[in-house]
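One structure below.
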Amino acid sequence: MSAFIDLEQVWFSWPSGREVLRGVDLTLQRNDTLALMGSNGSGKTTLGKLIMGLLQPTAGKVCLDGRPVQEYSLAERGRRVGYVFQNPERQFFAASVADEIGFALGFRGFSPAEVEERVAELLAFFELEQYAQAFPFHLSHGEKQRLALAAVMALEPEFIILDEPSTGLDWARKNKLIKALEGIRERGVGYIIISHDHEFCRRLCRSAVTLKGGRLT
Ligand SMILES: Nc1ncnc2c1ncn2[C@@H]1O[C@H](COP(=O)(O)OP(=O)(O)OP(=O)(O)O)[C@@H](O)[C@H]1O
Ligand SMILES: [Mg+2]
């Protein structure tokens, strides 16, 4: 099986000259579950954005399913790899929780009845039924995290990158998120969890790497 995500000697500097990544190699299969750890400012979010093709490496290669990530359209990348931002609010745009989940499905050829069924399924899976008509920005932080994940899952991605999904969650909300991610893992969807939360990562990820001094260890 060829790798699903493959980074080869990836270097990245900001225009200011700040060198963030200094020769990162990373190979992941479709169903791998990886914890990406490292201190604040070590470049975790930058690495996530490079994998999504939202940033371009200064040197090195980023491939998705055997092809350079830049060869895919932005829409195609988003369909294959779901990305949950460090601040989930940044990805919300709809007037209701149900629309937030269902919006993209309309563009993918689903009939209104099918969209409704899919949305209902995802609302149930992420325990958000009672908020279906709520305004996404009014949800609690934990609910926002689960909505962001539900909206990403609606697109049936093959892989997901979650940037600090457990930050600011209390014990009960964190457990709900863990349950949801365990369900995703059981479906054979792999993920990278960017996190400082050792316990959260230990429960959800088979392997872990740490970003330090621009390299993975
Ligand atoms: N748009 C930008 N322009 C210039 N420098 C940036 C930009 N975004 C991030 N940086 C710098 O790049 C470095 C890596 O940032 P990044 O956000 O990837 O770190 P991180 O590991 O995700 O940190 P955190 O744990 O705080 O989320 C930091 O030094 C940061 O200041
Ligand atoms: Mg970050």
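Comparing L139, I101, P157 along the charge dipole axis of the range 98-217, the residue lying farthest to the positive side is P157, per the Cβ-charge model. Surface composition of the range 120-217: carbon plus sulfur atoms hold 52% of the accessible area, using a 1.4 angstrom probe and ignoring ligands, DNA and RNA.
Checking every one of the trypsin sites (Lys or Arg not before Pro) in the range 158-217 against DSSP loop status and a limit of 10 other Cβ atoms within 10 Å picks out R187.
My understanding is that a pair violates if its Cα-Cα distance is over 26 Å; which of K176/K212; K44/K174; K179/K212; K49/K212; K61/K176 do that in this structure?
Listed pairs above 26 Å: K176/K212; K179/K212; K61/K176.
Radius of gyration over Kirkwood radius for the range 1-97, both on Cα atoms: the Rg/Rh ratio is 0.98.
Across the chain, where is the longest run that never hits chymotrypsin sites (Phe, Trp or Tyr not before Pro) in a DSSP loop with at most 12 other C-beta atoms within 10 Å?
Longest stretch, sites excluded: 108-217.
The length gained on full extension between K176 and A75, counted as 0.36 nm times the residue separation minus their Cα-Cα distance, comes to 33.4 nm. The value of relative contact order for the range 5-216, using C-alpha pairs under 8 Å at least six residues apart, is 32 percent. With each label modelled as a point 7 angstrom along the Cα→C-beta vector, the T217-W14 pair spans 2.4 nm. The long axis of helix 112-125 is offset from the longest Cα principal axis of the chain by roughly 70 degrees. Across the range 1-99, the mean sequence separation of Cα contacts (distance under 8 Å, 6 or more residues apart), normalised by length, yields a relative contact order of 30 percent. Annotation note: trypsin sites (Lys or Arg not before Pro) in the range 13-65 located in DSSP loop regions with a Cβ neighbour count of at most 12 within 10 Å are R18.
The C-alpha atoms of the chain define a longest principal axis, and helix 141-153 lies at about 80 degrees to it.
Given 0.36 nm per residue, what is the gain on full extension from R90 to E121 after removing their alpha carbon distance, in nm?
8.8 nm
Using only side-chain charges placed at the Cβ, +1 for Lys and Arg and -1 for Asp and Glu, the dipole size of the chain relative to its Cα centre rounds to 720 debye.
Put a dot 7 Å past the Cα of F135, heading toward its Cβ, do the same for N40, and the two dots end up 3.1 nm apart.
The values are calculated or read from the model by the stated rules, or taken from the named source; none is laboratory data. Not measured: the values here are computed from a predicted model. Backbone-built Cβ (ideal geometry, glycine too); neighbour counts: all protein chains shown. With ligands, DNA and RNA removed, areas are computed over all heavy atoms of the protein, side chains included. Shrake-Rupley method; radii C 1.70, N 1.55, O 1.52, S 1.80 Å.
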